[in-house]
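The values are calculated or read from the model by the stated rules, or taken from the named source; none is laboratory data. Source: prediction; values computed, not measured. Note that each Cβ is placed from the backbone with ideal geometry, even for glycine, and that neighbours are counted across all protein chains shown.
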Amino acid sequence: MFRLVSLNLNGIRSAASKGFVDWAAQARIDCMGVQELKAHAADVAGRFDKLDEACAGHFHHAEKKGYSGVGLYVRREPSDVIVGFDGGEFDGEGRYIEARYDSPARKLSIISCYFPSGSSGEDRQAAKYRFLDLIYPHLKELKGQREFILVGDVNIAHREIDLKNWKSNQKNSGFLPEERAWMSKVLGHGKGELGLVDVHRTLRPDDTGEAYTWWSNRGNAYANNVGWRLDYQIATPGVAALARDVSVYKTQRFSDHAPLIVDYDLGL
């Protein structure tokens with residue numbers, strides 16, 4: 001089995017102080033996509049550039065100090081690593097890194113991606129929509145070339161089942177009709193739709209509270225499991241069909257997000 005994990009760290013130094021590195025070294029991880037590093041290369045070097053001696057990290061840091069940033073920890077070195085996707089606004093924010101595993105039998109990419117949040121105001125919501133408009137054609141083009149799994153904090157709860165208080169959040173970023181429609185277009189199989197697969201929902205279509213991956217720090221949300229499913233593994237159909245099990249790790253808390261774990265029969 002190939003164990004692939006996604007986790008928004010909400011700061012790699014903060015997560016490490018809560019046991020993230022020790023847990024990751026013991027969790028039989030083959031690859032981990034992390035988001036919201038909130039650290040530059042100098043902060044990571046020599047401290048967080050490896051999970052263990054055999055699991056090396058590749059990173060896309062934001063230009064702004066203490067902001068965003070993504071990474072991929074890989075046990076098997078990829079044939080290529082692609083840093084960034086748009087060459088502009090969002091590459092400056094450190095939101096995309098892709099590891100490619102190419103062989104005569106298969107071309108496969110694993111992507112760690114951190115979608116913008118629009119919760120801080122109209123300007124950031126507008127940036128989020130710009131990001132969605134850019135990442136969609138990128139994924140469409142990539143799908144025409146290779147299999148891939150995108151892991152990350154998408155900052156969108158797709159369906160009512162994906163958050164506790166859906167009725168009161170219909171006008172809030174993360175559950176806006178336009179965002180949900182974008183997700184439906186990504187996951188739909190109709191004309192003009194991308195036809196990707198939400199791996200968690202495919203394996204566990206009826207998961208409710210067990211599927212939440214993020215909880216607000218306000219109002220005892222975690223204790224009361226008032227959560228959202230914001231973290232995903234989204235894959236092309238061929239590789240999604242190789243997913244065997246999914247879980248959300250909640251025994252320890254390293255962040256306001258929980259690790260999303262999927263085991264694939266990938267043969268890597």
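Just a few scattered comments:
- Here Tyr222, Tyr232, Tyr249 are screened, and the one residue that is buried (at least 20 other Cβ atoms within 10 Å of the Cβ) and either over 16 Å from Ile156 (Cβ atoms) or within 19 Å of the chain's Cα centre (by Cα) (or both) is Tyr232.
- Within segment 203-229, residues that are farther than 20 Å from Leu9 by Cβ and at pLDDT below 95 reach partners that are surrounded by 15 or more Cβ atoms within 10 Å (Cβ to Cβ) and of a type in the set (A, V, I, L, M, F, W, C) with beta carbons closer than 6 Å, at six or more positions or on different chains, in the pairs Thr208/Ile161.
- Segment 10-60 - residue that is basic (Lys, Arg) and closer than 15 Å to Pro259 by Cβ and, of those, modelled with the lowest pLDDT: Arg28
- So Ser103, is it small (Gly, Ala, Ser), out of contact with any His (no Cβ under 8 Å at 6 or more places or on another chain) and under 20 Å from Thr213 (Cβ atoms): no
- Out of Gly174, Gly209, sole residue that is crowded, with 20+ Cβ neighbours inside 10 Å and of a type in the set (Gly, Ala, Ser): Gly174
- The conditions of being surrounded by fewer than 16 Cβ atoms within 10 Å (Cβ to Cβ), at positive phi and either touching a Cys at 6+ places or on another chain (Cβ under 8 Å) or not acidic (Asp, Glu) (or both) are not met by Gly188.
- Scanning segment 172-202 for residues that are within 14 Å of Tyr136 (Cβ to Cβ) and touching a residue at least 12 places away in the same chain (Cβ under 8 Å) yields Glu178, Glu179, Trp182, Met183, Ser184, Lys185, Val186, Leu187, Leu194, Gly195, Leu196.
- Flag set for Arg76, criterion: of a type outside the set (Gly, Ala, Ser), touching a strand residue (DSSP E or B) at 6+ places or on another chain (Cβ under 9 Å), farther than 27 Å from Trp215 by Cβ and part of a loop (DSSP other than H, G, I, E, B).
- Close pairs from segment 141-162: first part of a strand (DSSP E or B), partner modelled with pLDDT under 95, Cβ under 8 Å, at least 6 apart: Glu147/Arg106
- Filtered by the rule that a residue be surrounded by fewer than 16 Cβ atoms within 10 Å (Cβ to Cβ) and either of a type outside the set (Gly, Ala, Ser) or in contact with a His (Cβ under 9 Å, 6 or more places away or on another chain) (or both), segment 119-128 gives Glu122, Asp123, Arg124.
- Listed conditions (1) at pLDDT below 95; (2) in a helix (DSSP H, G or I) are all met by Lys185, apart from (1).
- Just so you know, in segment 79-96 the residues that are assigned to a strand (DSSP E or B) and not aliphatic (A, V, I, L, M) include one that is surrounded by the fewest Cβ atoms within 10 Å (Cβ to Cβ), and it is Asp80.
- Among the residues of segment 214-268, those identified as in a strand (DSSP E or B), closer than 27 Å to Tyr101 by Cβ and in contact with a Phe, Trp or Tyr (Cβ under 8 Å, 6 or more places away or on another chain) are Asp231, Ala235, Ala243, Arg244, Val248, His257, Leu260, Ile261, Asp263, Tyr264.
- Residues of segment 100-118 satisfying the condition of being surrounded by fewer than 16 Cβ atoms within 10 Å (Cβ to Cβ) and within 22 Å of Val186 (Cα to Cα): Lys107
- Here Ile135 passes the criteria (1) over 19 Å from Pro237 (Cα atoms); (2) part of a helix (DSSP H, G or I); (3) in contact (Cβ under 8 Å) with a residue 12 or more places away in the chain; (4) of a type in the set (A, V, I, L, M) except the one numbered (1).
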